[in-house]
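The values are calculated or read from the model by the stated rules, or taken from the named source; none is laboratory data. Remember, predicted model here, so these are calculated numbers, not experimental data. No Cβ is skipped: glycine too gets one built from the backbone with ideal geometry, and neighbour counts run over all protein chains shown.
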Amino acid sequence: MYYIKETDKPNKFNEIFHIVKLENDTIVLPTIKTSKKEKTIYKLAVKTKKILDKTNSKKLVLSKNIKQQEEYVNDLYSYGYEIVDGKWLFQLLIFDVLEYIIKKLELKKEHIGIAILVNDISELAIYVIKELVTTYKNVKIVTNHIHQLEHIEEKIIEEYGIFMNIGNNKRKILSKTDIILNLDFPTEVINKYQINSKATIINFRGNVKIKNKRFEGLNINDYEIHWKKSENTIFYTKDMYEAIQHKNQPIEDILKKIRQDQIQIKELIAVNTII
């Protein structure tokens, strides 16, 4: 795994000749100027690839500034690199995110309506559904794959006596929901639903734009965390923490590690505001 950042010591020679350096596990780029940007960024991406080709590493953590260079990031993606973006960790923090929202908005747990939007019925999705329907009173599961959840519903009924509310009525199912936990619905799918105009939507996998002009709720696409071992200003803490995790472990073990490391939500980033 390698980190990529801009130099903290600007040098005209390095900028003119597009000098890219490897310092331990960090690739350092010259300061990226706006003039001749497209050509410059392409050269920097090619030189970055040449360095990484010698390392056999495909996993990258980008600094905050580098992430703003969309063309450079797209070039890295085109070369097949895995760029850590914190989205995997975001999904694992779903319960912390929910508690954070409830506290910040001063909502009453027993009264809120929650919906989980999910089509990829993964191990994590099943874990989340089980935990939420056994913790909160009013939980809906919105999916195009209702039949895949039938055996999960049977187990929950058998173990807890709780009936799951599973559906996909685009006109009704989200119209009165307070908090929408969107695990994997993209923009074009979620906008087919009639959504409560004051709902809080948290998009855990990708950035989603709500097109309904009457929507005046919160549309959350990003976040940041507190981690006592790293509160830097160059890289996102969420990226640095996700980068060192072993993703193939059982979910319970990963969540245990997150609790041991005392990871906390620092902020949720919604369209036009930060919570």
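For this structure, a couple of remarks:
- Checking Glu23 against (1) more than 26 Å from the chain's Cα centre (by Cα); (2) surrounded by 14 or more Cβ atoms within 10 Å (Cβ to Cβ), the condition it does not meet: (2)
- Residue in segment 14-29 that is closer than 30 Å to Ile179 by Cα, assigned to a loop (DSSP other than H, G, I, E, B), modelled with pLDDT of 90 or more and of a type in the set (A, V, I, L, M, F, W, C) present: no
- Test: Thr200 is over 22 Å from Glu99 (Cβ atoms), surrounded by 13 or more Cβ atoms within 10 Å (Cβ to Cβ) and either within 24 Å of the chain's Cα centre (by Cα) or not basic (Lys, Arg) (or both): no
- Being among the basic types (Lys, Arg), within 27 Å of Tyr3 (Cα to Cα) and in contact with a helix residue (DSSP H, G or I) (Cβ under 9 Å, 6 or more places away or on another chain) is true of Lys229.
- Being more than 17 Å from Ile234 (Cβ to Cβ) and without any contact (Cβ under 8 Å) to a residue 24 or more places away in the chain is not true of Asn24.
- Asp96 being assigned to a loop (DSSP other than H, G, I, E, B), touching a residue at least 12 places away in the same chain (Cβ under 8 Å) and not hydrophobic (A, V, I, L, M, F, W, C): no
- Unique residue being on the phi > 0 side of the Ramachandran plot and not assigned by TED's automatic domain parsing to the domain that holds Asp120 when the list is Asn14, Asn74, Asn56: Asn56
- Residue tally, condition free of Cβ contacts under 8 Å to residues at least 40 places away in the same chain, surrounded by 12 or more Cβ atoms within 10 Å (Cβ to Cβ) and not in a loop (DSSP other than H, G, I, E, B), over segment 134-149: 7
- Residue in segment 28-50 that is closer than 15 Å to Ala243 by Cβ and of a type in the set (A, V, I, L, M) present: no
- Verdict on Tyr42 being hydroxyl-bearing (Ser, Thr, Tyr), outside any strand (DSSP E or B) and assigned by TED's automatic domain parsing to the domain that holds Ile179: no
- Scanning segment 200-231 for residues that are farther than 13 Å from Lys87 by Cβ and basic (Lys, Arg) yields Lys209, Lys211, Lys213, Arg214, Lys228, Lys229.
- Residue match in segment 92-108 (condition: of a type in the set (Lys, Arg), under 30 Å from Ile258 (Cα atoms) and over 24 Å from the mean Cα position of the chain (by Cα)): yes
- Residues that are within 20 Å of Ile173 (Cα to Cα) and either surrounded by fewer than 14 Cβ atoms within 10 Å (Cβ to Cβ) or aromatic (Phe, Trp, Tyr) (or both) within segment 118-133 comprise just one, Asp120.
- Check on Phe215, in a loop (DSSP other than H, G, I, E, B), closer than 22 Å to Ile116 by Cβ, outside the structural domain of Lys9 (by TED's automatic domain parsing) and aromatic (Phe, Trp, Tyr): yes
- Number of the exception - Ile102 against (1) assigned to a helix (DSSP H, G or I); (2) not assigned by TED's automatic domain parsing to the domain that holds Pro186: (2)
- Of all residues in segment 159-200, exactly one satisfies the criterion of being under 16 Å from Ile126 (Cα atoms), in a helix (DSSP H, G or I) and without any contact (Cβ under 8 Å) to a residue 12 or more places away in the chain, namely Glu159.
- Boolean, Tyr81 is of a type in the set (Phe, Trp, Tyr), crowded, with 18+ Cβ neighbours inside 10 Å and over 26 Å from Gln260 (Cα atoms): yes
- Only residues that are hydroxyl-bearing (Ser, Thr, Tyr), closer than 16 Å to Glu6 by Cβ and surrounded by fewer than 19 Cβ atoms within 10 Å (Cβ to Cβ) were counted in segment 41-78, giving 0.
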